[in-house]
């Protein structure tokens, strides 16, 4: 039986603005199973970022619950415990990576490992292994800002997997990339999913990347309006027009 990695259970989220409550999320409910590559997509402003912050425990839901592996429920944890869980169990990739500008590529990738208590020697060893996985080992001595956007995102993926998390969450990781660099990153994510056994949840508004996923969820106006398995996804892809104005097969 496939293990459930993440459960998002009937999440509502509202913000108090002036005298009014503004509803952002409306009854979001889905699971992520071990080994899945789930793409969560929808237009800008549909609530994807708020949902992601809630999944990561950076925002508390107005109601509902976020649970990991059926044993960790964020609403029952303090902020420090949630932070420690994220560092140890989740690899994060953002649209814009936050680099320590004074450190090399190698040291930026090794930094999360040293924060978890690894020795400098072991942290560097594991960081080099992660850079090798994404084809960036030859740039280990560079400063991240010296690299192209595509190269930086490959380094960000190395940093995300260096701690060997089972679960990777990617927040618009291709948002600042050109078409070719975006495709390269997506192939690397697919490799991590299929060959390294990483479960992936990716948030995007770039619909062409659905083709890399095993399942997909569509959001609109704070609600889930569609769930797609691998077979459904193929039918959906035939209706999507990519960045280059051609139908994706």
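The values are calculated or read from the model by the stated rules, or taken from the named source; none is laboratory data. All figures in this text were calculated on a predicted structure; none of them were measured in a lab. Cβ: placed from backbone, ideal geometry, glycine included. Neighbour counts: every protein chain shown.
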task = State whether the residues of region 38-45 include one that is out of contact with any helix residue (DSSP H, G or I) (no Cβ under 8 Å at 6 or more places or on another chain) and modelled with pLDDT of 95 or more.
result = yes
query = If you check 208, 234, which single one turns out to be assigned to a helix (DSSP H, G or I), modelled with pLDDT under 90 and crowded, with 19+ Cβ neighbours inside 10 Å?
reply = 208
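For every residue, the table says whether it meets (1) more than 18 Å from residue 202 (Cα to Cα); (2) at pLDDT 95 or above; (3) not in a strand (DSSP E or B).
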position: 127; (1), (2), (3): yes, yes, yes
position: 132; (1), (2), (3): yes, yes, yes
position: 135; (1), (2), (3): yes, yes, yes
position: 141; (1), (2), (3): yes, yes, yes
position: 153; (1), (2), (3): no, yes, yes
position: 157; (1), (2), (3): no, yes, yes
position: 170; (1), (2), (3): no, yes, no
ask   = How many residues, within region 96-106, are under 14 Å from residue 173 (Cβ atoms) and either modelled with pLDDT of 90 or more or more than 14 Å from the chain's Cα centre (by Cα) (or both)?
value = 1
query = Listed residues 217, 200; which is within 17 Å of residue 37 (Cα to Cα), at pLDDT 70 or above and either in a loop (DSSP other than H, G, I, E, B) or in contact with a helix residue (DSSP H, G or I) (Cβ under 6 Å, 6 or more places away or on another chain) (or both)?
reply = 200
ask   = When you scan region 133-143, how many residues do you find that are surrounded by fewer than 17 Cβ atoms within 10 Å (Cβ to Cβ) and closer than 11 Å to residue 109 by Cβ?
value = 1
remark   = Expected output for region 171-189 (first residue farther than 21 Å from residue 133 by Cβ, partner part of a helix (DSSP H, G or I) and modelled with pLDDT of 90 or more, Cβ below 9 Å, 6+ apart or cross-chain) is 172/48; 172/49; 175/182; 176/149; 176/152; 176/153; 178/149; 178/150
key: Test for residue 112: is it touching a residue at least 24 places away in the same chain (Cβ under 8 Å), under 20 Å from residue 173 (Cβ atoms) and either outside any helix (DSSP H, G or I) or out of contact with any strand residue (DSSP E or B) (no Cβ under 7 Å at 6 or more places or on another chain) (or both)   = yes
